[in-house]
Ligand code: PMT
């Protein structure tokens, strides 16, 4: 089972819960943020508390929600302290009333005082009836908040509280959590076009069977998601896999065989600044693909295999001395990890090779990699694939500056 990447480790989120039916979803949002490693302070408006009990947030976050600007048990200025420690304020659900007050700069309760005192970015997750959402007052309040740099996630068109369908349904908690990740990630890959391959290839034997391998696609997808969070334009060319990137901005290009993967990458290589080959591409394919199911007959069955194109080596020769796009290969080995990786680095003419043992790399949520380049070797300890992806992107960013 896959675990959520700890992309918000060390981050402090102030979750303001406004008064709307969608407030129940903010409990799930709190869970999503905690699972990503964030510390969550909850601030509930009076109206918010009519929809969900403060005790629910206390149980989930391990911290009592704050509700009262005049809380006498608190010695300092609550709205100042809360906003001092927040890396991001998320308003979920964001009601028309809260947005109007924030746009006007009112500060007559704890939520609005905190919003007026904010040092960090503010992310609004609006939820309201379509007529409220479309009202000129709401439109101009949203325009004012956006003009100040506030972020919006949603709303989407969908079923509203009363069963009607229209604009104003709050985004789902996962989408809001991803917006939080984006807001809290450095946007240091803005404008970078990155192509990453992931997953296995399937080489058909007959209409029923194929030769494949254990790749789940997790490593490549972790790179795609981490790059999208940091602002890159990402295309994922992937073999047959059961999972998808979390970030909807990642463009998907599904393929089955090595030759299909090669065609897809060749068509896209010119318009990318970086190509990362994390896919486990089959080195051989059956010489012939039977048109009908191969029937059981003798005790043994021999299958003749022919070599597949080496996509990465082809990219290395095509790029030649140009140094663009930045080329990153992977190497999966069972022995002499760095020795084989270094040979692949030279033969396939890439900028670096991310080497991993088969026992570490395939299928799991963690990996243990050594980044091998002309400069030497950088062994990263065991880490979640999202962390490995982040470290690799830091390396790629440096390469983009130098080539
Ligand atoms: O998907 P996961 O379950 O998360 O597993 C991750 C992973 C183990 C698949 C990944 O971390 C990894 O190591 N991917 C590369 C696997 C592989 O094919 O390694 P290789 O040593 O056989 O190939 C070397 C490089 O050449 C790779 O970048 C590969 O994509 C590329 N190659 C290989 C053969 C081929 N015909 N064409 C290629 O482009």
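The values are calculated or read from the model by the stated rules, or taken from the named source; none is laboratory data. This is a predicted model, so every value here is computed, not measured. With ideal geometry, Cβ positions are generated from the backbone for all residues, glycine too; neighbour counts draw on all protein chains shown.
Residue by residue through the stretch 118-157, note down the ones that are in a helix (DSSP H, G or I) and either surrounded by 13 or more Cβ atoms within 10 Å (Cβ to Cβ) or in contact with a strand residue (DSSP E or B) (Cβ under 9 Å, 6 or more places away or on another chain) (or both). Within the stretch 118-157, 130, 131, 132, 133, 134, 138, 141, 142, 144, 145, 146 qualify.
Take the conditions modelled with pLDDT of 95 or more and in contact with a strand residue (DSSP E or B) (Cβ under 8 Å, 6 or more places away or on another chain) and apply them to residue 61. Does it pass? It would help to see each step written out before you state the result.
On the way: modelled with pLDDT of 95 or more: yes; in contact with a strand residue (DSSP E or B) (Cβ under 8 Å, 6 or more places away or on another chain): yes.
Answer is yes for this residue.
Within the stretch 297-319, restricting attention to residues that are within 16 Å of the ligand (Cβ to nearest atom) and not in a helix (DSSP H, G or I), the residue that is farthest from residue 351 (Cα to Cα) is 305.
Scan the stretch 338-348 for residues that are more than 7 Å from the ligand (Cβ to nearest atom) and more than 18 Å from residue 392 (Cα to Cα) and jot them down. Once the filter is applied, which keeps residues that are more than 7 Å from the ligand (Cβ to nearest atom) and more than 18 Å from residue 392 (Cα to Cα), the stretch 338-348 yields 339, 340, 343, 346, 347. Checked against (1) touching a helix residue (DSSP H, G or I) at 6+ places or on another chain (Cβ under 8 Å); (2) within 22 Å of residue 11 (Cα to Cα), residue 137 passes all but condition (2).
Of all residues in the stretch 326-336, those satisfying the criterion of being near the ligand (Cβ under 10 Å from one of its atoms) and either in contact (Cβ under 8 Å) with a residue 40 or more places away in the chain or under 30 Å from residue 189 (Cα atoms) (or both) are 327, 328, 329, 330, 331, 332. Taking the stretch 158-197 as the range and being outside any helix (DSSP H, G or I), at pLDDT 95 or above and in contact with a strand residue (DSSP E or B) (Cβ under 7 Å, 6 or more places away or on another chain) as the test, the residues that pass are 169, 170, 171, 192, 193, 194, 195, 196, 197.
Among the criteria (1) touching a residue at least 24 places away in the same chain (Cβ under 8 Å); (2) surrounded by fewer than 16 Cβ atoms within 10 Å (Cβ to Cβ), the one residue 254 does not fulfil is (1).
Scanning for something over 16 Å from residue 7 (Cβ atoms), part of a loop (DSSP other than H, G, I, E, B) and in the same structural domain as residue 271 (by TED's automatic domain parsing), does the stretch 222-235 turn up at least one residue? No - not one qualifying residue is present in the stretch 222-235.
Taken residue by residue, the stretch 265-286 has no member that is touching a strand residue (DSSP E or B) at 6+ places or on another chain (Cβ under 6 Å) and without any contact (Cβ under 8 Å) to a residue 40 or more places away in the chain.
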